[in-house]
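Data first, discussion second: the structure below is written as structure tokens.
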Amino acid sequence: MRIIPFLLSLLSTAALIFFLDNQWGQLPPLGKFLSPQHGIWQNAEPVDKSYTDDLSLPGLKERASVYFDEYLVPHVYANSEVDACYIQGYLHAKFRLWQMEFQTFAAAGRLSEVLGPGEDDRILRYDRSMRRLGMVDAAEKALAKIEEDSTTKKDCDAYTEGVNDYIRHMKAGELPLEYKLLNYRPEPWSNLKIALFIKYMAFDLAGADNDFEMTNAKSIFSREDLAKLYPAVIDSADPIIPKGTHFLPPHFQPKPPATADSLYFNNRDTLTAREMKPEKSNGSNNWAVSGKKTLSGRPILCNDPHLSTNLPAIWYQMQIRTPGYNVYGVSFPGAPYIVIGFNDSCAWGVTNAGRDVRDYYAIKFKDNTRQEYWFNNAWRTTERRRIDTFRIKGRPDVYDTVAYTVFGPVMYDPSFNGFANATSDHSYAVHWKAADSSNELATFGRLQSATSYDDYKSALSHFKCPGQNFVFASKSGVTAIWQQGEFPAKWKGQGLYVMPGEDSSYMWQGNIDSTENPNMIDPDRGFVSSANQVPVDTSYSYFLGSDFPPYRGLLINRKLAQMNSITPADMMKLQTENYDVFAEMAKPLLLRNIQESKLDETGKGYLNQFKLWQLRNDPGEQGPVIFKYWWTHLQEEIFDDEFAKSSLPLMRPFESTLLEALLKDTAYSFIDNVNTPEKETLQQVVTTAFLRSVPDLINAGKYDKLAWGKFKDTWARHLLRLPALSRMHLPIGGGTHCINAAKQFHGPSWRMIVQLTDRTEAYGVYPGGQSGNPGSPFYDTFVDSWAAGKYYPLWVMDMGEIRDKRIKWTMHLKPGNQ
């Protein structure tokens with residue numbers, strides 16, 4: 001009879017082993033996941049963990065050293081540029097491996113492989129969108145261009161070898177936590193993954209468009225109304241290149257086709273819009289002030305790029321010293337070089353240009369095979385057809401066929417339009433500048449060793465997309481800015497709407513000559529700056545688009561013009577400025593038009609708080625919350641009736657458009673509600689909007705959300721959007737229209753201030769930490785200081801300082817054959 005208990009015990013043990021060794025739903029195999037030797041326990045790093053090591057690395061050419069300071073920032077000393085790139089790849093992999101690979105999966109449309117299809121197939125649709133946009137194709141073209149340049153090829157080869165040497169020698173317990181959670185392992189790195197990452201940045205910064213929403217708006221509004229709703233330029237704009245600057249006659253002036261009025265501007269077709277868009281607020285601030293405005297007599301350069309506030313952090317901070325350069329700054333895990341930083345001679349930073357370099361064309365296919373399309377009065381065979389395979393976690397593979405036209409890939413067709421459970425009979429090809437062959441990496445590689453303005457200009461010549469405003473300052477006293485990119489020369493209005501694709505007349509006719517890109521060197525006013533605002537005034541010869549937020553740039557220029565004897569501390573205060581210039585312009589308008597007699601005591605209490613508000617979006621202020629609700633409801637009161645004419649997504653006017661319109665015309669035509677017999681006035685809609693805000697404010701008070709910091713609720717959010725791995729509810733002010741543009745999941749991703757004295761004085765901070773491991777004390781080192789507006793000195797270590805107390809750990813590296 002003892003055999004029965006034995007068999008039961010054996011079966012239960014076998015069942016337990018089977019259960020622990022397999023994945024169940026979203027749960028990873030618990031045996032591996034909880035293993036003391038290899039599981040998540042190994043990701044819990046002790047506070048006193050040592051990073052000191054002696055390593056023999058097969059891809060290294062000569063001996064090198066890495067000195068880690070108290071913040072885990074590496075100071076790399078290498079005897080060649082190639083070895084520096086190898087070490088950079090090794091360190092990126094050691095501290096950020098999962099992040100860098102996950103982002104390349106996102107770029108390549110492969111997230112379904114590790115996350116599954118998502119609810120309602122949302123992740124799979126994202127993957128299909130990225131493939132149909134041509135991200136992999138674009139990366140392959142970029143790689144070919146990268147490898148044409150012997151320097152970037154050698155550097156990328158070395159970087160990739162460094163990543164792979166780390167992966168090959170990584171112990172099982174060192175596998176990053178996210179791999180264990182999702183139950184997969186890293187692939188070998190490649191130069192194609194570097195190119196994919198670069199194109200992912202291009203997508204994030206130059207992948208936005210409103211063509212479909214604008215086309216739908218065109219179907220219900222007259223040209224006169226469209227001009228009111230979507231003006232190309234607003235009066236309050238303070239361009240990057242000051243108003244009144246003289247521009248030379250254009251090298252090339254594109255002309256609209258003869259059919260532009262009938263087939264384009266006056267066409268009333270409606271279209272289904274898409275889900276997948278990058279963050280529309282990706283922007284930044286940068287400026288450089290001349291030595292004649294600083295206390296030291298030397299230039300100061302500042303930069304704070306506004307990107308998603310992710311964990312692991314977007315940036316990895318480091319110093320790299322080789323015989324050819326000594327550079328400090330931040331790098332992208334996934335690619336070589338310092339992207340924003342400084343060397344012994346100069347400093348540089350970037351903001352997004354925001355130019356429209358992505359357009360759509362309506363394609364007429366001969367039949368459902370989509371092998372031929374009508375172009376220039378004949379049926380033309382598609383340039384090629386790409387069959388994509390999507391491997392989906394937990395489901396069979398899915399296949400997708402993408403046709404390529406003379407414009408580019410057909411991103412949307414009857415088989416896919418980007419929405420769940422939606423169909424369309426139409427097909428649209430996309431033409432995107434980032435799909436062209438280019439080598440942006442060469443720009444950053446050459447900036448690392450730049451010593452002069454001419455070096456800076458030469459480095460920029462390699463940069464095509466995404467268009468960026470590169471600010472520059474040197475120890476010789478030069479300050480400059482160039483809006484750099486390869487921009488299509490467009491006729492006025494080209495690309496605002498989906499264009500006809502049945503002939504070549506709507507194609508881009510050429511590019512703007514790079515010498516005509518907006519630029520400025522050593523202006524009399526003593527500073528250069530950019531904050532994603534319109535780059536030039538209307539005297540510039542080319543059509544730019546219309547999505548240029550004005551208010552940060554307006555305030556930066558105002559402040560810098562007033563300042564003298566500037567110090568780095570002054571620049572810290574300016575970078576973290578919470579003053580809202582949009583509210584400065586809107587508040588008097590609202591107070592002039594509110595009918596206070598219609599408010600009850602509760603409403604009057606909120607109105608009095610608003611009156612007392614000093615226009616600062618500090619964390620504890622309630623005024624910004626009142627203003628936010630009030631302005632949101634005002635926009636609804638003015639526009640909802642007209643925009644209800646269509647059930648399709650429409651492009652809503654920018655906040656700046658409405659404010660400018662009301663300041664110029666209190667009888668703005670859209671104030672009147674077309675659904676009522678009476679003619680509404682500005683006073684009525686302003687008052688109604690405030691009355692609608694009162695219940696929202698009462699409700700916010702119940703949930704302790706009346707203070708701006710709690711209402712806005714800024715996070716440093718993990719890439720998997722897991723709260724347990726995120727830093728939530730950060731007490732930081734600012735907002736969309738503030739220089740300190742911190743929002744819920746988006747904001748200043750790296751703040752840097754560089755004073756170009758004989759020994760460079762620099763400060764920086766970002767919302768994260770050097771390690772990508774949530775179990776490390778260095779995962780979120782800088783988050784609290786970032787939220788509080790504090791900075792850390794950026795220590796450029798000299799060889800004579802190797803015994804400095806700031807050095808905590810040292811890696812001695814030697815080639816594998818020694």
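Odds and ends about this structure:
- Pairs with Cβ under 8 Å, 6+ apart, first in the stretch 41-57 and within 21 Å of Asp780 (Cβ to Cβ), second in a loop (DSSP other than H, G, I, E, B) and open to solvent by 70 Å² or more (accessible area, probe 1.4 Å): Trp41/Leu34
- Among the residues of the stretch 699-718, those that are open to solvent by 40 Å² or more (accessible area, probe 1.4 Å) and either within 22 Å of the chain's Cα centre (by Cα) or under 14 Å from Trp630 (Cβ atoms) (or both) comprise Phe711, Arg717.
- Cβ-Cβ contacts under 6 Å between residues 6 or more apart (or on different chains), taken from a first residue in the stretch 553-576 that is more than 23 Å from Gly283 (Cα to Cα) to a second residue that is part of a loop (DSSP other than H, G, I, E, B) and of a type in the set (A, V, I, L, M, F, W, C), are listed as Ser565/Leu295; Thr567/Leu295.
- Options Asp503, Asp547, Asp537, Asp513: the member that is surrounded by fewer than 17 Cβ atoms within 10 Å (Cβ to Cβ), charged (D, E, K, R) and either within 30 Å of Lys293 (Cβ to Cβ) or in contact with a Gly (Cβ under 8 Å, 6 or more places away or on another chain) (or both): Asp537
- Of the residues in the stretch 456-473, none is open to solvent by 10 Å² or more (accessible area, probe 1.4 Å), within 25 Å of Ser290 (Cβ to Cβ) and among the β-branched types (Val, Ile, Thr).
- Only residues that are assigned to a helix (DSSP H, G or I) and of a type in the set (Lys, Arg) were counted in the stretch 666-715, giving 4.
- Filtering the stretch 516-527 to residues that are open to solvent by 30 Å² or more (accessible area, probe 1.4 Å), touching a residue at least 24 places away in the same chain (Cβ under 8 Å) and either of a type outside the set (Val, Ile, Thr) or in a loop (DSSP other than H, G, I, E, B) (or both) leaves Asn519, Asp522, Arg525.
- Within the stretch 67-83, restricting attention to residues that are touching a helix residue (DSSP H, G or I) at 6+ places or on another chain (Cβ under 8 Å) and over 18 Å from Ala313 (Cα atoms), the residue that is most open to solvent (accessible area, probe 1.4 Å) is Glu81.
- Matching residues in the stretch 339-351 - criterion: being open to solvent by 10 Å² or more (accessible area, probe 1.4 Å) and assigned to a strand (DSSP E or B): Val350
- Test result for Asp48, loosely packed, with under 10 Cβ neighbours inside 10 Å, within 30 Å of Asn326 (Cβ to Cβ), of a type outside the set (A, V, I, L, M, F, W, C) and at pLDDT 90 or above: no
- Selection over the stretch 671-698 of residues that are under 27 Å from Tyr230 (Cβ atoms), hydrophobic (A, V, I, L, M, F, W, C) and open to solvent by 10 Å² or more (accessible area, probe 1.4 Å) gives a count of 1.
- Looking across the stretch 308-338, the residues that are under 20 Å from Pro466 (Cβ atoms) and either acidic (Asp, Glu) or open to solvent by less than 10 Å² (accessible area, probe 1.4 Å) (or both) come down to Thr309, Trp315, Gly329, Val330, Ser331, Pro333, Gly334, Ala335, Pro336, Tyr337, Ile338.
- Where helices (runs of 4 or more DSSP H) sit wholly within the stretch 86-205, those with at least 3 residues that are open to solvent by 30 Å² or more (accessible area, probe 1.4 Å) occupy 122-133, 135-148, 150-169.
- Residue count for the stretch 649-665, restricted to those that are of a type in the set (A, V, I, L, M), open to solvent by 20 Å² or more (accessible area, probe 1.4 Å) and not in a loop (DSSP other than H, G, I, E, B): 1
- Of the residues making up the stretch 604-618, not a single one is open to solvent by less than 50 Å² (accessible area, probe 1.4 Å), of a type in the set (D, E, K, R) and in a helix (DSSP H, G or I).
- You will find that of Thr451, Thr443, Thr389, the residue that is hydroxyl-bearing (Ser, Thr, Tyr), assigned to a loop (DSSP other than H, G, I, E, B) and closer than 30 Å to Tyr159 by Cβ is Thr451 and no other.
- Matching residues, the stretch 565-593, being charged (D, E, K, R) and part of a loop (DSSP other than H, G, I, E, B): Glu577, Asp580
- Taking (1) more than 20 Å from Pro305 (Cβ to Cβ); (2) assigned to a helix (DSSP H, G or I) in turn, Ala434 satisfies each apart from (1).
The values are calculated or read from the model by the stated rules, or taken from the named source; none is laboratory data. Quantities reported herein were computed from a predicted structural model and do not represent experimental measurements. Ideal geometry is used to build each Cβ from the backbone, glycine not excepted, and the neighbour counts take in all protein chains shown. Note: accessible area is taken over every heavy atom of the protein model, side chains too, but ligands, DNA and RNA are not part of it. Shrake-Rupley method; radii C 1.70, N 1.55, O 1.52, S 1.80 Å.
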